[in-house]
1. Can you tell me the relative contact order of region 1-121? Whole percent, Cα pairs under 8 Å, sequence separation 6 or more.
2. Beyond 17 Å, how much of the Cα-Cα pair distribution for region 1-51 remains, as a whole percent?
3. Can you give me the distance in nm between label points at residue 68 and residue 2, each placed 7 Å from the Cα along the Cα-to-Cβ direction?
4. Looking only at 37, 13, 117, which one moves most when the chain is put into a Gaussian network model with springs between Cα atoms under 10 Å?
5. Along each principal axis of its Cα atoms, how long is the chain end to end? Whole angstroms, biggest number first, please.
6. List residues of region 53-73, by number, whose backbone nitrogen lies under 19 Å from a label position 7 Å along Cα→C-beta of residue 96.
7. Over the residues of region 21-93, compute the C-alpha Rg and express it relative to 2.2 N^0.38 Å.
8. Hey, rough spin-label estimate for residue 108 and residue 47, points 7 angstrom out along Cα→Cβ, what's it come to in nanometres?
Ligand SMILES: *[C@@H]1O[C@H](CO)[C@@H](O)[C@H](O)[C@H]1NC(C)=O
C-alpha cells in the first residue's frame, strides 16, 4: 500500500515535471503547409522552446510559432521580419508590442503582408531546429 502510494506520487511528480518542461522549456511540433518552404516543409518535425518568448528575447530572422491572428485556434509558423520600432515598407514603424511575420515562401504565405503587424502576445514558441527524421518514408 505504501509502495503504491509512493509510485502514484512519483508518477504525479514526473507528469508535472513533463508538463512544466513542455509549457516553459520546449516541445516538438509537426508542421504542415508550404508557407515556410524551402526552410520547413510539410511533415517536418521541429524542436521549439518558449523561454525566449517569455523573456522577450526574440530577434529578427527567428522562426516562431504564433497563434493565427485570424483564427486563435490555429497556429502559424513564420519568420520574424520586424520587431517593434522597425521601419516597414510603407514608411510606417512597427508599433510597440507588435511584430511583423512573413513566411519564407513569399509567393504562398498568408502573413503580415495580408493581416498586418500582430501582437507579440500571440507568439507561442521559437523554432530551435528541424529534427532530422524523414517522415516521407516512415
Ligand atoms: C511555395 O509554395 C508553392 C505552393 O505550395 C510551391 O509550389 C512552391 O514550390 C513553394 N516555393 C518554394 C520556394 O518552396
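Read-outs: derived from the displayed coordinates by stated rules, not from any lab. Everything numeric in this text was worked out from a predicted model, so none of it was measured. Glycine gets a Cβ as well: all are built from the backbone with ideal geometry, and neighbour counts include every protein chain shown.
1. Relative contact order here is 19 percent.
2. Taking all Cα-Cα pairs of region 1-51, the fraction more than 17 Å apart is 57 percent.
3. With each label placed 7 Å out from Cα toward Cβ, I get 5.6 nm.
4. Result: 13 has the largest fluctuation of those listed.
5. Principal extents (Cα only, largest first): 70, 41, 24 Å.
6. 55-58
7. Here the answer is 1.21, to two decimals.
8. Taking the two extended label points, one gets 2.9 nm.
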